[in-house]
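Worksheet: the structure to be examined is printed underneath.
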Amino acid sequence: MKLCIILFLTMSLCAWSQHAEKRKEITYKVHSHNDYQQGFPFWNAYINGAASIEVDIFLKKDSLYVAHGEHEIIKGNTLEKLYLDTLQRLSASNDLRELQLLVDIKSEAYTTLDKLIEVLENYPVLQKSGKIHFVISGNRPKPGDYTNYPDFIRFDHQDLSNLNTIPLEKVALVSLDFKRYSVWNGYGRLVESEWEAVKRIVKKVHSFNKPFRFWATSDTKTAWARLAQLGVDFINTDKPERAVPFLNQMEGNTHRQEAPIATYLPEYDYPKEAQPKNVILMIGDGNGLAQITASLIANHGQLTVMGIKDIGLVKTAAYDDLITDSAAGATAMATGSKTDNRAIGVGPNGERLQNLVELTSEKGFNTGIVTTDAIYGATPAAFYAHRKERDDSRGILEDLISSELDLFIAGGRSKEVILQKNFKIVELEQLTDLEQPVAIFLGENKTPPPNQDDSYPLSKSVQHALKVLDKKKEPFFLVIEGAKIDSGGHANDIEKIIGEMLDFDQAIAEALRYADTSENTLVVVTADHETSGLGIIAGDIQGGTVQVDFLTVDHTGIPVPLFAYGPQAHTFGGSYENTEIFEKIIGVLFHEE
C-alpha cells in the first residue's frame, strides 16, 4: 500500500509539472468538498486543478485533527501531516500553485481558530507566498471579530443580511446552503422561480465584489454546468477529477450561431408510384443523430435534412467488430456485404465485391463521387477500389485509374500526376461535359474548410456535378460525402462538427432541389457510422446555442439515421443493416430484372 501511495504521489508531481501551463487556462473554479474523505486527500484535488480544497478540522488535546467530528478522529491524521507539510514541500520545490484552503472548523470556533493560527505560525513560507489563501468556514467567530485575526486569515461568510455592515476586507467568499433555495436534483434544470431566486442571490453577492459558493448541491455534470451558467464562482464537488476537465471544456463544447443558414423544404410533388431514374447517395461521415440535432439547434431549429419524411435506422457493425470504421461501413453500403474493418471493396477472405459504381456503369449509368475527403479516402474508395488495407493508397489509386467513374470532385491534388493517365484534370468552373472521365481537385489532401475564402462549399461542387450529369440525359449514380464531420468528432470539436454538418446540409438542399426539378431522382442521406458519442446537454434553439459532451474520440456502435426523398423513398423506412442500403438501391433501380 505504501508503495502505491509513493508511486501515486510521484506521478502526481509529474502530472502537475507537465500540465502547469494548462492549469492557468481554467475558467471555472472547482471546490473539492470534504476533500479529506477522498482516497488520496489533497493530491486528487490538487493535481486535477481544483482551485479550492475543503478540510474539516477538530481540536482535541491541543492537536488539530482532520475529521468531521470527534468520533471520526484517526491517530496521526493531523492538519499538518495531511495538508500543511505537503504544501510546504511543494513550495520548496517551486511546484506550489495558487490555492484556497477552506478550513472548516467543527469544534469550538475561537479556541480552534487560535490553535490554527498557532500552527500556521510554523509555516511562514505558506503565509507569505501569496499563493495559499487560508479561509475559515464552519464554526466561525462573530463577524464583528473578523478583524481581530491576522491578515493571512479570512472568512467564508454565510449570511446575506449583513453584507453592508461587516468588514468585507476579511471576507474571502460567501457560501450558502443550496437546499434552502431549491430541491433540484441536478438533472434537467431548475424550475423558473428557483432559477431566478438563485440568480438574485449570486447577483447580490457579486454586487459586493465577493465570490460565491453553494454547498449541498447535486454532483452531476448538469449541476456543474447550471451553477457555472448562474455565475457561481466556486463549483462544489466530490469529484474534482471529473468536474475540472468538464468545466474547462464547457466553453469549447458550446457552439453559438448568430444567424441561421438558409434551408430548403422539399416539395413532395413527385408521382408516388414512379420509379427513380437516378440515385444520389449522400454519406455524412461520422454523422449520427446527435450531430444532426446539434446542428439543428445551432441553426435556430432549421435543417434541410429534417424536412425529409421517410426515415430509417441503420445498424453499422462491421463483419469482425461491433464498431465499424469508414472502410467497412462504406463497403457495406457500396457492395451489400459486410467486411472486416480497414478492408475496401473486398470481403473477409479478400474476395472482390462488386460495388454500386461498377454495377450501375454496366447498366449504362454515368457515375460520380463528390467528397470533402481525398478521393483515395476510405469512404469514396469503397465505391471503386478493391483492397484489403485502406492505407494502401497506391493500390487504391491504381483501382481508381481503371475504375468506371466518370467524374469525381475531391481533395487529393498531390496525386494529380498519377491520375492524368485516365482522367482529364480541370478546375471546377471548367466542368462542362463528361466526354471523358473528369477529375477536379479542391485541396492537397482533404478539401479546405467551407468558410475559407479560397475553398468551395460542398454545395457548389454538388451543383456543378448535377448540372453536368443532367446534361448527359442518361441515368446516373452519384455519391456525395461530407467527410469532415467525422474529423470534428475525432477531435471532439463541436465547432467543426456543426460547421461541416451545415455545409453538408446545404449540399443536401442542392440534391433535393434537383430531385424536385427532375421528379425522377431518389436522394438517400445517411452515415457510415457515428463518431465521438456526442451528447447534447444544454442549448437554446432561439439563440442558436448548443452545449455538448463527448463519450469518446473514436467511432461508436450507435445506429445512424437514414433519410430518403423521391420516387420509392418509402421503401427505405424501418430498421436494418447497412448492407440493405445497397439492396434497396438495386431494388428500386432495377425492379424489373
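Every number here is computed from the coordinates shown, using simple stated rules; none is lab data. What you are looking at is a predicted structure, and each value in this text was computed from that prediction instead of being measured. Cβ coordinates were reconstructed from backbone atoms using ideal geometry, including for glycine residues, and neighbour counts include every protein chain displayed.
Some values worked out for this structure:
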quantity	calculated
Candidate lysines - alpha carbon under 26 Å from K115, same-chain residues fewer than 8 apart omitted	K60, K61, K75, K81, K106, K128, K131, K142, K170
Rel. contact order, % - alpha carbon contacts under 8 angstrom, at least six apart, the range 472-574	27
Degrees between helix 240-250 axis and first principal axis of the chain (Cα, 0 to 90, nearest 10)	50
Beta bridges by DSSP in the range 20-140, antiparallel share as percent, to the nearest 5	25
Length gained when the stretch T552-Y268 is fully extended (0.36 nm per residue, less Cα-Cα span)	98.4 nm
For F155, residues with placed amide H under 5 Å, excluding near neighbours	I136, V171, A172, L173
Gyration tensor (alpha-carbon) shape descriptor, the range 517-572, a/c threshold 1.5	oblate
Relative contact order (percent, whole number), the chain, Cα cutoff 8 Å, 6+ residue spacing	16
Residue-wise HN-Hα coupling along the range 499-505, computed from phi with Karplus coefficients 6.51, -1.76, 1.60 (Hz; x: Gly, Pro)	x, 6, 5, 5, 4, 5, 5
Antiparallel DSSP beta bridges within the chain, as percent of all bridges there, nearest 5	30
Inter-probe distance in nm under a simple model that places probes 7 Å from Cα toward Cβ, at T432 and K75	9.7
For E510, E583, order by how many other beta-carbon atoms lie within 10 Å, fewest first	E583, E510
Principal-axis tilt of helix 326-335 within the chain, Cα atoms, nearest 10 degrees	30
Over the chain: helical MRE at 222 nm, DSSP H runs n ≥ 4 each giving -39500 (n - 2.57), nearest 500	-9500 deg cm²/dmol
Global form of the range 25-251, assessed from the alpha-carbon gyration tensor, a/c cut-off 1.5	prolate
Hz values of 3J(HN,Hα) by residue in the range 33-50 - Karplus curve (6.51, -1.76, 1.60), Gly and Pro given as x	6, 6, 4, 5, 8, 5, x, 10, x, 6, 5, 4, 6, 5, 6, 8, x, 4
Percent RCO, i.e. relative contact order, over the range 25-251, from Cα pairs under 8 Å lying at least 6 residues apart	22
Relative exposure of F212, F234, judged by other C-beta atoms within 10 Å (fewest first)	F212, F234
Inter-centroid distance (Cα atoms) of the range 472-539 relative to the range 255-328, Å	6
Which of F214, F504 has the fewest Cβ neighbours within 10 Å, and the rest in rising order	F214, F504
Net lengthening on full extension, Q354/A216 (0.36 nm per residue, minus Cα-Cα)	43.4 nm
Of K388/K421; K363/K421; K424/K496, pairs whose Cα-Cα distance is over 28 Å	K424/K496
Neighbourhood charge, 12 Å Cβ-Cβ cut-off, centred on K115 and excluding it, Lys, Arg +1 and Asp, Glu -1	-4
Cleavage-rule hits, GluC sites (Glu not before Pro), the range 76-110, DSSP coil, Cβ neighbours within 10 Å at most 15	E98, E108
Calculated from backbone phi, Karplus (6.51, -1.76, 1.60) coupling profile of the range 554-559 in Hz, x at Gly/Pro	10, 6, 10, x, 5, x
